[in-house]
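**Q** What follows is a single structure, and I will ask about it in a moment.
The values are calculated or read from the model by the stated rules, or taken from the named source; none is laboratory data. From a predicted model like this one, the values you see are computed outputs, not experimental measurements. We place every Cβ from the backbone using ideal geometry, glycine too, and count neighbours over all the protein chains shown.
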Amino acid sequence: MSVTAAASGFVVLLLTVTVVQGEDDWGVRCTPTQICAVKGSKVQIRCSYWHPSRIDGHDVAVEKEFWFTKVQDSEPVDLRSASEYTGRVKYDCGNKACTLTITDLRDSDSDVYQFRFTTNHPTGSLTGLPGVSLSVTGVQVLTTKLSACKTDDCSWSRVECQTSCPPTPSPSYIWFKSGQKTSGEKSYTAYFHSADSISCAVRGHEDFPSAPVCVDGNSCNRVNYINRNICAFKGSSVDISCSYSSYYKRITSKSWLVAERKDVQLHRPQAVDLLKDPEFTARVQVLDPEPGRSTLRIMNLRLSDSAQYRFTFKSQWFEWERSFPGTTLTVTDPDVQVICSPIGPTLTCHSSCLLSGRPSFVWFKNGREVHGETSPTFRGFLHPENNYSCAYEHHHSSPVYAPKVPLVQLSQPGDILKDSSVSLTCSSDANPPPAYTWYKENQTLLNRAAQLVFRSIPLSDSGEYYCTAENELGKTTSKRVLINVKYAPKPPSVSVSPSGEIMEGSSVTLTCSSDANPAANYTWYKEDEDSPTASGQIFTITNITAEHGGKYQCEAQNTHGRSNTTLHLTVGAVSPGSWRSALIGSAAAVFLAVTLLSVFLLIR
């Protein structure tokens, strides 16, 4: 199994052993098998796989690729249909590889992730084992007060940055003292003022720091963001919130900044006050729902709004440092879709980008809203004759529905000749795309693919064929299609009746037969004659003479070819002795008949 992990977040590879499962022709490869990533960040897990290109003369094609952590009713549950991953997973599959991306990592995401692919072959499915073990760690600061200062407003304290996954190799750390970035080791000791807060992050992943904590006491200057990552659709609105506190109670000003937008003149990142930026002034609101809490609302989102947003405040003697990481907003085009699960079956409204705290969905059946269905999973009864769709933030998915009655098409019009190449194609309107299966007459399963290919069709393949189209919502069957394999006549066989010597004055019947499709027409020719002697399968000669002797040819012909067979007919002459014997025998028979009749009359 092969997994490549990457993250725009803290990723630590604990084990880099490559594990391969499967025989030479089937396999899944992922490496490493264990990943550690920071809470709130994103992680990417990649697997590659392989399979035979052909089995038993049929092409092997991949029908489905997905990831799972749980099995229900003996079936793996696609992550996209699991409610706890709604809006946070995305697949990028192609070229016999598939990458799973999980964003906004949570503690509950710690699990073993397995990749599975299925093909059109009846036994062609494989799950990568043992899977990829993901551990999600939070970053937090532990403080230890060692001694008090001579004054009451400071202390000599030790601070330590902790994670649940020990990094390998050990990384360096970034510290934020009252929002001001500073370097340091995993732990260090220093004097801290009572107004100071402290936060840490792994170097290179400063966007995911720990929540700031007060080193000395419970009141200090700090800002804590409700969400570190938010995703939203283009054209929608979004709320970015934070909580804050000031050691010096009186706050003189507050503002929201958009960071990491390049200044055209300075060519360097510069934080811009949103209320003074012409790109935002008409589209933003700053709300203060309660003391110590601020919310930035951005409306009519644009793709260019993807950036990091930070909050800052000022008091008489302090200003929260603008370098402290805030909330990263990602604006995307809508990608709402309905995911069908084979379990149940069930439908899930899925998007790789859903707004945090706003999980309201709308479901539709045959284009009409289903009232009461507001969860990402449709809980109503699914009927194969209906179509279903969902909407989120006024963005509609495409409808899903069971396959319509499949249409079967032959690769070529007209007659199908023996040993020619022929294919049958099964197609059906369905979403998700259906899996196809081919059968012959007595329900013998032939192939699991959209096409049934005969590269050199034999006579034995004549018969009726049909296909089925099936997806998670239903199954339909096509009409039967007759394949009638045609071929030219085979060399005819000729019989003569009566058999034995043929004498002058007698009659003889010649019969010609040939295996052909369609049935052959027969023509008789006598040697040295330009025109046919007779036509039809049976040729009878009466009162035969010596002139009838000689070579005869029977030709069998249909639209696909002709074949012939020759025989020699010999006619024997009748000798005078044989005529005399015949006459004497006839007279004796007449005399005997007359005698018997006379005796009979005398008795009467």
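**Q** Residues 151, 143: which one is at pLDDT 85 or above, surrounded by fewer than 21 Cβ atoms within 10 Å (Cβ to Cβ) and either hydroxyl-bearing (Ser, Thr, Tyr) or farther than 30 Å from residue 451 by Cβ (or both)?
**A** 143 is the lone residue from the list that is at pLDDT 85 or above, surrounded by fewer than 21 Cβ atoms within 10 Å (Cβ to Cβ) and either hydroxyl-bearing (Ser, Thr, Tyr) or farther than 30 Å from residue 451 by Cβ (or both).
**Q** Considering (1) surrounded by 19 or more Cβ atoms within 10 Å (Cβ to Cβ); (2) part of a loop (DSSP other than H, G, I, E, B), say which one residue 467 fails and leave the rest.
**A** Residue 467 satisfies all of (1) surrounded by 19 or more Cβ atoms within 10 Å (Cβ to Cβ); (2) part of a loop (DSSP other than H, G, I, E, B) except (2).
**Q** So which residues in segment 267-324 are among the acidic types (Asp, Glu) and either buried (at least 16 other Cβ atoms within 10 Å of the Cβ) or assigned by TED's automatic domain parsing to the domain that holds residue 210 (or both)?
**A** If the condition is that a residue be among the acidic types (Asp, Glu) and either buried (at least 16 other Cβ atoms within 10 Å of the Cβ) or assigned by TED's automatic domain parsing to the domain that holds residue 210 (or both), then 305, 321 are the ones that fit.
**Q** Same structure, new question: Can you name every residue in segment 123-139 that is among the polar types (S, T, N, Q) and buried (at least 20 other Cβ atoms within 10 Å of the Cβ)?
**A** Within segment 123-139, 137 is the sole residue that qualifies.
**Q** Do we have any residue at all in segment 114-122 that's polar (S, T, N, Q), closer than 18 Å to residue 340 by Cα and surrounded by fewer than 18 Cβ atoms within 10 Å (Cβ to Cβ)?
**A** Yes: one or more hits.
**Q** Going residue by residue through segment 405-413, is there one that turns out to be outside the structural domain of residue 103 (by TED's automatic domain parsing), buried (at least 17 other Cβ atoms within 10 Å of the Cβ) and modelled with pLDDT under 90?
**A** No, that holds for no residue.
**Q** State whether the residues of segment 200-212 include one that is in a loop (DSSP other than H, G, I, E, B), at pLDDT 90 or above and farther than 16 Å from residue 38 by Cα.
**A** Yes, segment 200-212 has at least one match.
**Q** Name, by its number, the condition in (1) crowded, with 16+ Cβ neighbours inside 10 Å; (2) part of a strand (DSSP E or B) that does not hold for residue 369.
**A** With (1) crowded, with 16+ Cβ neighbours inside 10 Å; (2) part of a strand (DSSP E or B) applied to residue 369, the lone miss is (1).
**Q** Could you check segment 332-343 and list, in sequence order, the residues that are touching a residue at least 24 places away in the same chain (Cβ under 8 Å) and in a loop (DSSP other than H, G, I, E, B)?
**A** Within segment 332-343, 333, 334, 336, 342, 343 meet the criteria.
**Q** Answer yes or no as to whether residue 499 is modelled with pLDDT of 90 or more, more than 30 Å from residue 380 (Cα to Cα) and surrounded by fewer than 15 Cβ atoms within 10 Å (Cβ to Cβ).
**A** It is false that residue 499 is modelled with pLDDT of 90 or more, more than 30 Å from residue 380 (Cα to Cα) and surrounded by fewer than 15 Cβ atoms within 10 Å (Cβ to Cβ).
**Q** Further, regarding this structure: So residue 201 clears everything in (1) crowded, with 18+ Cβ neighbours inside 10 Å; (2) in contact with a helix residue (DSSP H, G or I) (Cβ under 8 Å, 6 or more places away or on another chain) except one condition, right? Which one?
**A** Condition not satisfied by residue 201: (2).
**Q** From the list 459, 473, exactly one residue is surrounded by 12 or more Cβ atoms within 10 Å (Cβ to Cβ), closer than 21 Å to residue 407 by Cβ and either touching a residue at least 40 places away in the same chain (Cβ under 8 Å) or in the same structural domain as residue 425 (by TED's automatic domain parsing) (or both). Which is it?
**A** When all the criteria are applied, what remains is 473.
**Q** If a residue must be among the small types (Gly, Ala, Ser) and assigned to a strand (DSSP E or B), how many such residues does segment 129-150 contain?
**A** So the count comes out to 4.
**Q** For segment 41-59, give me each residue that is in a loop (DSSP other than H, G, I, E, B) and at pLDDT 85 or above.
**A** Result: 41, 42, 51, 52, 53.
**Q** Using the structure shown, decide if residue 81 is assigned by TED's automatic domain parsing to the domain that holds residue 51 and in contact (Cβ under 8 Å) with a residue 60 or more places away in the chain.
**A** yes
**Q** For segment 384-408, what are the residues that are farther than 30 Å from residue 451 by Cβ and assigned to a loop (DSSP other than H, G, I, E, B)?
**A** Answer for segment 384-408, where residues must be farther than 30 Å from residue 451 by Cβ and assigned to a loop (DSSP other than H, G, I, E, B): 393, 394.
**Q** Scan segment 332-363 for residues that are under 23 Å from residue 279 (Cα atoms) and modelled with pLDDT under 90 and jot them down.
**A** Answer for segment 332-363, where residues must be under 23 Å from residue 279 (Cα atoms) and modelled with pLDDT under 90: 334, 355.
**Q** Farther than 24 Å from residue 29 by Cβ and among the β-branched types (Val, Ile, Thr): is that true of residue 99 in this structure?
**A** Spelling it out, it is not the case that residue 99 is farther than 24 Å from residue 29 by Cβ and among the β-branched types (Val, Ile, Thr).
**Q** Then there is this: With the structure loaded, tell me whether residue 89 is in the same structural domain as residue 26 (by TED's automatic domain parsing) and out of contact with any Leu (no Cβ under 8 Å at 6 or more places or on another chain) or whether it fails that test.
**A** no
**Q** Also, I was wondering about something else. Since residue 252 meets every condition but one in (1) surrounded by 15 or more Cβ atoms within 10 Å (Cβ to Cβ); (2) in the same structural domain as residue 315 (by TED's automatic domain parsing), which condition does it not meet?
**A** (1)
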